[in-house]
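Undergrad: If you scroll down you'll find the structure; I have some questions about it.
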Amino acid sequence: MDLKALFEQLAQLQKRFNKKQKTVIVTTLVGVVALIALLIVYATPQGYDDGYRTLYSDLNAKDAGLVVQQLEDQQVRFRIPREGTIEVPRDEVNRLRLNLATQGLPREGRPGFELFDTQEFGATDFDQRVKLLRALEGELSRTIESLESVRTARVHIAQPRESVFVSREVPPSASVVVSMRDGRQLGRQQVSGIKHLVSSAVPRLTLENVRLVDEDGIPLGEEDALTTAGETARMQLRYKRDYERLYEEKIAQMLGQVLGGEEKVVARVSIDFDFSQRKSTQEVFDPNSVIRSEQNLEERREGARPREIGGVPGAVSNIGPVQGLEDDRLLEKYSRMENTINYEISKKVSEITGEFATINRVTAAVVVDGRYQPLRDENGAVIPGEYEYTPLSEAEINSIEALVRQGIGYNPDRNDQVSVSNFEFRAGQPVQSREMMWMERMETFLGPFYPAFKYLFVAILLLIFYKKIISPFAQRMMEIPVEEEEVEQKRIEFEEEELEDDSDRLTEMRKRVEQQLGLGNAADEEKLKYDVLLERLRETCDENPQDVATLVGSLVVDEVARSGLSKL
């Protein structure tokens, strides 16, 4: 982009404007710049830059004192706008942070494992254990402070001496003190996470031996009976409130379609919940048993019995069988059958947990508005702004009560109750029309967006100002003012005619004077013309010296240009 050519065009353009046009352009530009500056200042009242930037923030008193001491030693300008915050000149921020970091500042009040960066000669085992404990506490504190909700944290670990006797061994314990940021609180999961973090970092430390308190000394995450009961009560109350609000909104939305708006309905619902938790275990045996195994055993024997030798002890018994003792007719038949069947007995065990809450009773009270008719005078003309209240009929009240019962799930076995009443909501006041109601709703919804609408409105005004005023004005300024040139040309012709008339009159006067003096035609006419023109030219130079100088300069430039072209 050729800036020189651009400036030349601007210079030529401003020469074509008269004084009035230049005044309008300058005034418009100044007004636009002033409006933009006003908007910027109004939008950012603290948008000024004083040259200072934050070096450190949220410093404790000890670290802040050390940093201030170093800044004073280095003769660096600083200021402390609030407690724990140090600001320095903008150009010095990065250099000072690097310089202070090499000196270990800020130390954050608690050392970590950097304690072992330097080895001390002659340190005992006890010193090393204490140093390890300090480093572990510092690292845990830094880790907890990295959480978004925690501003500062302090960890204390009690590590007892190990004993060779198991009965005398004492487990370690830990306590954590946290300071929360403004408006922040730790949830149950966050408290549990901090406890798990500390217990996992220390050997033999159990979760039960970690205690967590806030800056007010209130224990966090203590699942005692009182705390548990309080949390349970709050949860039950919130559950009851949400459930009742759901019923009320349902009634208002349903009747609002009938009565002409939700503002004509007021519903209040009370629900009696039973929050008792019931658990039952059910064991059921299947009567259709299935055979698991079956065993059959059968024994048979047939034939004579074995001979039996007996009698009175003596010679006969000792000499052997005796005739007549044998009996081949004695036969034996033996049979035995055994059948064993094992059945598989199926069993189903069910553990049933009751609902979180069951409804014992529902009570609903509904108040509805009536109708409003325009009030008329004796002649039947409508009186503006005056309305007459007309209550609902008994049949309409019964219909509304039936709708409410259906909407809330009325159950007569629970002894539920529904009451519907009709009252005049705005006694003595004119009822708003639908247009007014619509305007109020729009104002409610659009209220939070009013600040944005302000800037949007200003932007639209600037756009209209540019389209309707600046853009057409610029286009007219860029056009060639033909009429003005014609007027200027006519004025020049008129002046030339006047000059010729004056020259003629002067010539006639000279002739008369010469005749009176008796000179006759002795004077040279050409010389007279030259004298008259020269005198007129002097008067013009005295009146408009700038125009004459511009004309002479143009003639010189033209003459130089012609001489250059003739030489070429």
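The values are calculated or read from the model by the stated rules, or taken from the named source; none is laboratory data. Because the structure is predicted, anything quoted here is derived from the model rather than measured. With ideal geometry, Cβ positions are generated from the backbone for all residues, glycine too; neighbour counts draw on all protein chains shown. Areas reflect the complete protein model, heavy atoms only, side chains present, ligands, DNA and RNA absent. Shrake-Rupley method; radii C 1.70, N 1.55, O 1.52, S 1.80 Å.
Undergrad: Pick from the range 526-560 the residues that are at pLDDT below 75 and among the aliphatic types (A, V, I, L, M): which of them is surrounded by the most Cβ atoms within 10 Å (Cβ to Cβ)?
TA: Val532
Undergrad: If you don't mind, another one. So, Ser346, is that one touching a residue at least 24 places away in the same chain (Cβ under 8 Å), over 47 Å from the mean Cα position of the chain (by Cα) and within 30 Å of Val284 (Cβ to Cβ) or not? Write out each step before concluding.
TA: On the way: touching a residue at least 24 places away in the same chain (Cβ under 8 Å): yes; over 47 Å from the mean Cα position of the chain (by Cα): yes; within 30 Å of Val284 (Cβ to Cβ): yes.
Criteria met by Ser346.
Undergrad: Please enumerate the residues belonging to the range 316-341 that are modelled with pLDDT of 75 or more and either surrounded by 10 or more Cβ atoms within 10 Å (Cβ to Cβ) or under 60 Å from the mean Cα position of the chain (by Cα) (or both). Step through it out loud before you land on a result.
TA: Filtering the range 316-341 down to residues modelled with pLDDT of 75 or more leaves 335-341.
Across the range 316-341, the qualifying residue is only Ile341.
Undergrad: Inspect all residues belonging to the range 121-141 and state whether any of them is open to solvent by 100 Å² or more (accessible area, probe 1.4 Å), part of a loop (DSSP other than H, G, I, E, B) and at pLDDT 85 or above.
TA: no
Undergrad: Specify the residue that is surrounded by the most Cβ atoms within 10 Å (Cβ to Cβ); the eligible residues are those in the range 387-401 that are more than 13 Å from Gly370 (Cβ to Cβ) and among the polar types (S, T, N, Q).
TA: If we take residues in the range 387-401 being more than 13 Å from Gly370 (Cβ to Cβ) and among the polar types (S, T, N, Q), then Ser399 is surrounded by the most Cβ atoms within 10 Å (Cβ to Cβ).
Undergrad: Name the one entry in Arg168, Arg188, Arg161 that is without any contact (Cβ under 8 Å) to a residue 40 or more places away in the chain and under 27 Å from Asp117 (Cα atoms). Give the steps one after another, and end with the answer.
TA: Numbers: Arg168 fails: under 27 Å from Asp117 (Cα atoms); Arg188 fails: under 27 Å from Asp117 (Cα atoms).
Step by step, each of Arg168, Arg188, Arg161 is checked, and only Arg161 is without any contact (Cβ under 8 Å) to a residue 40 or more places away in the chain and under 27 Å from Asp117 (Cα atoms).
Undergrad: Of the residues Gln475, Gln432, which is in a loop (DSSP other than H, G, I, E, B) and at pLDDT below 75?
TA: Of Gln475, Gln432, the one residue that is in a loop (DSSP other than H, G, I, E, B) and at pLDDT below 75 is Gln432.
Undergrad: Still on this structure: For the subset of the range 79-97 comprising residues that are touching a strand residue (DSSP E or B) at 6+ places or on another chain (Cβ under 7 Å) and open to solvent by less than 60 Å² (accessible area, probe 1.4 Å), which member is farthest from Ala153 (Cα to Cα)?
TA: It comes out as Pro89.
Undergrad: Does at least one position in the range 260-271 carry a residue that is of a type in the set (Lys, Arg), open to solvent by 90 Å² or more (accessible area, probe 1.4 Å) and within 15 Å of Thr363 (Cβ to Cβ)? Give the steps one after another, and end with the answer.
TA: Going residue by residue through the range 260-271, those that are of a type in the set (Lys, Arg) are 264, 268.
From what's left, open to solvent by 90 Å² or more (accessible area, probe 1.4 Å): 268.
With the extra rule that they be within 15 Å of Thr363 (Cβ to Cβ), the set shrinks to 268.
The answer is yes; a qualifying residue exists.
Undergrad: From the set of residues in the range 360-374 that are in contact with a helix residue (DSSP H, G or I) (Cβ under 7 Å, 6 or more places away or on another chain) and assigned to a strand (DSSP E or B), which is surrounded by the fewest Cβ atoms within 10 Å (Cβ to Cβ)?
TA: The initial filter retains those residues of the range 360-374 that are in contact with a helix residue (DSSP H, G or I) (Cβ under 7 Å, 6 or more places away or on another chain), namely 360-362, 364, 366, 368-369.
Next cut, assigned to a strand (DSSP E or B) only: 360-362, 364, 366, 368.
Details: Asn360: 12, Arg361: 14, Val362: 22, Ala364: 24, Val366: 25, Val368: 22.
Ranking the qualifying residues of the range 360-374, first place goes to Asn360.
Undergrad: Being of a type in the set (S, T, N, Q) and over 30 Å from His156 (Cβ atoms), is that true of even one residue in the range 98-110? Explain how you work it out, then say what you get.
TA: The first filter runs over the range 98-110 and keeps only residues of a type in the set (S, T, N, Q), leaving 99, 102-103.
In the following step, the residues that additionally are over 30 Å from His156 (Cβ atoms) were identified as 99, 102.
Yes: the range 98-110 contains one or more residues that are of a type in the set (S, T, N, Q) and over 30 Å from His156 (Cβ atoms).
Undergrad: At pLDDT 85 or above and within 30 Å of Arg151 (Cβ to Cβ): is that true of Asp214 in this structure? Don't jump to the end; show me each part of the working.
TA: Numbers: at pLDDT 85 or above: yes; within 30 Å of Arg151 (Cβ to Cβ): yes.
For Asp214, the condition - at pLDDT 85 or above and within 30 Å of Arg151 (Cβ to Cβ) - is met.
Undergrad: Kindly provide the set of residues from the range 32-62 that are at pLDDT 80 or above, part of a helix (DSSP H, G or I) and open to solvent by less than 60 Å² (accessible area, probe 1.4 Å), ordered by number.
TA: Across the range 32-62, the qualifying residue is only Ala34.
Undergrad: Looking only at the range 119-146, how many residues end up being touching a helix residue (DSSP H, G or I) at 6+ places or on another chain (Cβ under 7 Å) and farther than 15 Å from Ala201 by Cβ?
TA: 1
Undergrad: Can you find a residue in the range 113-120 that is touching a Pro at 6+ places or on another chain (Cβ under 7 Å), open to solvent by 80 Å² or more (accessible area, probe 1.4 Å) and among the charged types (D, E, K, R)? Lay out the reasoning, then the answer.
TA: Going through the range 113-120, the residues touching a Pro at 6+ places or on another chain (Cβ under 7 Å) turn out to be none.
Within the range 113-120, none of the residues are touching a Pro at 6+ places or on another chain (Cβ under 7 Å), open to solvent by 80 Å² or more (accessible area, probe 1.4 Å) and among the charged types (D, E, K, R).
Undergrad: Need pairs with beta-carbon distance below 6 Å; first residue over 21 Å from Glu401 (Cα atoms) and within the range 360-388, second acidic (Asp, Glu) and assigned to a strand (DSSP E or B); sequence gap 6+ or separate chains.
TA: Hits for this filter: Gln373/Glu388; Leu375/Glu386; Leu375/Glu388.
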